[in-house]
Each structure stands twice: as structure tokens, then as C-alpha cells.
């Protein structure tokens, strides 16, 4: 549900900025710059008084944060294009259930040998995603995934859970044929999404963050089922981007 701005909250986060509250900090993800920014301390409630969709709502402690310090942050964020007028309607944000299960622990049904059509599909998805990661900012990749998903969902009937789990399990078993074991989580998640879209399947893509130490992680999830990782692992991250 979108928040209503108060007279002081005349700004909101730009559409290409995502935010979440983790361990006493607010983490911002600027999709246009592929950059994470951490904000902590007394700035958190002070900024919540100025930014309508700030992810932490709290009263501003008196005499802990100077107006000039807050104004400096606001000015910098506006110069970076991270803030816009709160009078413009914000986009609808997607939510996702807390991970409860892992595909690897549930599905052992994809035991039908090599299917060369699917191998070719994974290879094509790998090449496509490789070009995305070389040429596009994260904001543009998000748009590609959103278009892929919206076009497919408008045309396809809802798949059964068995269809999704079967195709995803086949991908997990077969990807070593076309992908290196060193391929990172973002690449793997995007390749899996691209492959599953060719099967008429459209699970969610999640990027999460943690602190102490800071880290970011990407995975594919359908409902509470994690498709390409362990749910125990991804629960250590707070979602900041959900597509």
C-alpha cells in the first residue's frame, strides 16, 4: 500500500531506486548506477520526515541530527536523481512470501536424460544474459525481465507447480553443460528466468542484501519455494528488489 505524504514529506524515492530496512540501517539500491548506499544513525528518522516512502517510520530525535546534515543528504540525492516530487504517483511494488522450501530438497523428478532442445534454450539464455550484463545497467535489465514476464503472463495459462518444479529441476541438473561453476548468482538467476520463460513459466526474481558484512545475493523464487538456492541461505538476506 502506498503511503500518503505529509506536508513535510514532499519527496519520494525515484522509480529506479529501491530501499529496505536491515539491522538498523536503510540500504538504497540505485538501479541506474548499479550502486548500493547505506544510511544509518540519527539520519534514518530525520530522512523519514522528509521522504514519503522511506522504509523506516520513526520520530525524529531532537538535537541529534542537524538540519544542514539532512539538507545535504537531500540535496545530494536530488542531484543524483534519486528523489522526485511526492505529488507524482509511485509505482506498485511487488511483494513475495518468506522463503520456506528449496527446490533441491523437494524435487527429484527430472531424470529423463539430456533434452537437446532445452540445452539449446539454456545456451541461448546464457548468451542473451551475457549481453545484458555487458551492455545494460541493472535498471535496464529490470525492464527486460518485467517485459518478458508481463508479455508471457498475458498469453500463457497458469502452469501447475509440477511443471515449474520439473523445468527448474531440469535446468539445475543441466546448466553445467553450458555454464561455468564460477557463474555468479545474478547471472545464474537471470539465465534461469530466461530459460523458464521459454517454457512458459514466470517465477519471481529477487535481489536481497545483508549487513555485517555487507553482501548482496540474487535468486529465483516461486511463492515460498526457492528454485536455485537453499531457502536457509536466502533467508539471511532482506529483499530489496523483487520482479
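The values are calculated or read from the model by the stated rules, or taken from the named source; none is laboratory data. Keep in mind that this is a model prediction, so the values were computed, not measured. Heads up, the Cβs are rebuilt from the backbone with ideal geometry, glycines too, and the neighbour counts pull from every protein chain shown.
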Problem - Condition check for residue 169: outside any loop (DSSP other than H, G, I, E, B) and either at pLDDT 95 or above or under 24 Å from residue 31 (Cα atoms) (or both) - result: no
Handout entry: Options 201, 225: the member that is touching a strand residue (DSSP E or B) at 6+ places or on another chain (Cβ under 8 Å), surrounded by 19 or more Cβ atoms within 10 Å (Cβ to Cβ) and either assigned by TED's automatic domain parsing to the domain that holds residue 137 or modelled with pLDDT under 95 (or both)
Key = 225
Practice task
Having 3 or more residues that are at pLDDT 90 or above, surrounded by fewer than 16 Cβ atoms within 10 Å (Cβ to Cβ) and out of contact with any helix residue (DSSP H, G or I) (no Cβ under 7 Å at 6 or more places or on another chain) is the bar; report the helices (runs of 4 or more DSSP H) wholly within segment 65-143 that clear it.
Solution key: 67-79, 116-135
Exercise for the section: Determine whether segment 175-186 contains at least one residue that is modelled with pLDDT of 95 or more and buried (at least 18 other Cβ atoms within 10 Å of the Cβ). Expected result: yes
